[in-house]
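Student: Attaching a single structure in structure tokens format; questions to follow.
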Amino acid sequence: MSPDTIVLARTVHTLDDGHRAADPAAPVGAVAVRDGLIAAVGTAADARDWRGPGTEVIDLGDAVLVPGLVDGHSHPAFGLELATGADLSAVRDLDGLRAALARAERLDGWVLAWNLDHNAFGGHPVHRSVIEDVLGPDTPAFVRLYDGHSALATGAALRAAGITGARAFAQRATVVCDPDGTPTGHLIEHAAMDLVTAVLPRLPLDRRRDALHDLLLTMAAGGLAGAHVMDAGGDILELVRAIEDTRHLPLRLRIAPWCMPGTGAEGLRELASLQGESGRNWLVGGVKLFVDGTVEGGSAWLERPDCHGEGTAGLWLDPAEYTDVVRQLDAYGVRTATHAIGDAGVRHVLDTVAALPGHGRGRHRIEHIETLGDEQARRFARLGVPASMQPTHSAYTRADHTDAWSTRLGPERADRAWICRTLRDTGATLALGSDWPIAHHDPRGVLAYARLRRHAGTDTAPVNPGQALTPLMALEGYTTHAARAAGEPDHTGRIAPGLRADLTAFALDPLTADPDAFARSAVPLTMSNGVVTNRGGA
């Protein structure tokens, strides 16, 4: 049978030494695709023999073809809710915050905003009084901070949610209050924020379906063929089914629904029963857990308290319950991905995995890992625990440690921030991603940042430059290592016959180009599961 598609390029980085052209001395420059799989890999001369009467030939000229890039940690559906309203990423201080909110559009009477940097408060408490003077006492407003784990609500928003004082939760979360018991509006962790999100205006399903499809097309234009989706249950499965009712899902989505503290035996059985549920270009594969929160919110679980005396406990009121939940999920054969930012949180997850039969057989991975010492870092490879990290998150810190994150931790722990290179040098699997909408989803920017430890095209001082990755390590984080982290190394992550036809083409070579230039390079082609999802790129 002749292939459906042949892709020609000047260079093809297969990342698979076992599948080269028939002549080992000949350059790989052609890939044949049939029925969603890679049918053959070879030279342009080979391609002339493969071609049949119905074969489409896509000649990319001087472009460089690599395995389809996969974002190792993203929130495309949940992120659309998080990213509703005014984008505050450009806000640097309280005056800028007040000005941005004053001109923000209303949605059903609400002011919604997101992506606010903690540093904008200049060391002052996160308090509704700093924004209510420009919005007025009767305007409900909900402002998400950039970490996605905290928010600021006005008094009107608190009243709409029935929040009049402190609350007790099944997980560690806080409705922050003044000394007299009046809520400040600062809500820390999901259980506290959910009190307000339950009453926020929401778009109907068809508009959210179309918005998700448009977002995924934009992601594909940047070179993404897939994503590991850490979304919070909700209606994401309904959304992807609705898209596939009428069109192709632009990215291959591997969805891990959340398992929060308080989930009992029946809830765990339901999560286990969801595994393997799938459509043409998505499947449920794994469960997302949280062992802690964020450094800036004081909810990351640290071996020593932060400068405010916080960070001394995990998200689970009893950490042993987290360990038991992972043990039960492992017994079901379910893969897990655990959010662990602080060094104590990471240690607890590693301890949990170490106690599993066969160390969980590589089924359990850790997300984020923002500060960690060498001793714990060495355990990842030893236990077979994949690490999933987002290099661009360190852009919220500063090389001189004057930012909110570094100030919380102090210089010793800030010096071991986002230890990507340490983990790779110890032999660990390291998947890379964006955590969109916490950071931008464009993989070109993340790949460049992983090498530079600063945003491309800026003269910002790099953050912990000794943790920079090589070009190959960075590319592997989006390809071969992303596949390993998902337990799919035999299905994707390389360009080899029999693997899923996920392909990404760049105008510049990610292994040799200057990273500042590469971040702006064109993406002439993206293919996901054998379907061209981007031609011409961004």
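The values are calculated or read from the model by the stated rules, or taken from the named source; none is laboratory data. Small disclaimer: the values here were computed from a predicted structure and weren't measured. For accessibility, only protein heavy atoms count, side chains too; no ligands or nucleic acids. Shrake-Rupley method; radii C 1.70, N 1.55, O 1.52, S 1.80 Å.
Student: Please say if the stretch 2-144 is rounded, prolate or oblate, where rounded means a/c under 1.5 for a ≥ b ≥ c the square roots of the C-alpha gyration tensor eigenvalues, and otherwise the choice is prolate for a/b larger than b/c and oblate otherwise?
Tutor: It is prolate, given that a/c is not under 1.5 and a/b is the larger ratio.
Student: Check which residues have an amide H placed less than 5 Å from Thr5's amide H, if you skip close sequence neighbours.
Tutor: For Thr5, the qualifying residues are Val33, Glu56.
Student: OK, next. Based on DSSP H runs of at least 4 residues, each adding -39500 (n - 2.57), what is the mean residue ellipticity at 222 nm of the chain after dividing by all its residues, to the nearest 500 deg cm²/dmol?
Tutor: For the chain, the value works out to -8000 deg cm²/dmol.
Student: What does the accessible area per residue of the chain come to in Å², with a 1.4 Å probe and no ligands, DNA or RNA counted?
Tutor: Here the residues of the chain average 37 Å² of exposed surface.
Student: I'd like the Karplus ³J(HN,Hα) series for the stretch 457-462: coefficients 6.51, -1.76, 1.60, θ = phi - 60°, whole numbers in Hz, and an x wherever there's a Gly or Pro.
Tutor: x, 10, 9, 4, 5, x
Student: Okay, moving on. Using amide H atoms built 1.01 Å from N in the peptide plane, name the residues 5+ places from Ser150, or on other chains, whose amide H lies under 5 Å from its own.
Tutor: Under 5 Å from the amide H of Ser150 lie the amide H atoms of Leu145, Glu189, each far enough along the sequence or on another chain.
Student: At what distance in angstrom do the alpha carbon centres of the stretch 453-523 and the stretch 167-226 lie from each other?
Tutor: 29 Å
Student: Rounded to whole Hz and in sequence order, give me ³J(HN,Hα) for the stretch 379-390 from the Karplus expression 6.51 cos²θ - 1.76 cosθ + 1.60, θ = phi - 60°, writing x for Gly and Pro.
Tutor: 6, 4, 5, 5, 8, x, 9, x, 9, 10, 10, 10
Student: What residues have an amide H closer than 5 Å to that of Leu525, excluding those fewer than 5 places away on the same chain, when H is modeled at 1.01 Å from N in the peptide plane?
Tutor: Under 5 Å from the amide H of Leu525: Ala505, Gly536.
Student: Tally up the carbon and sulfur contribution to the accessible surface of the stretch 329-448 as a whole percent, 1.4 Å probe, everything protein left in place.
Tutor: Taking all protein chains in place, the stretch 329-448 shows 48 percent carbon and sulfur surface.
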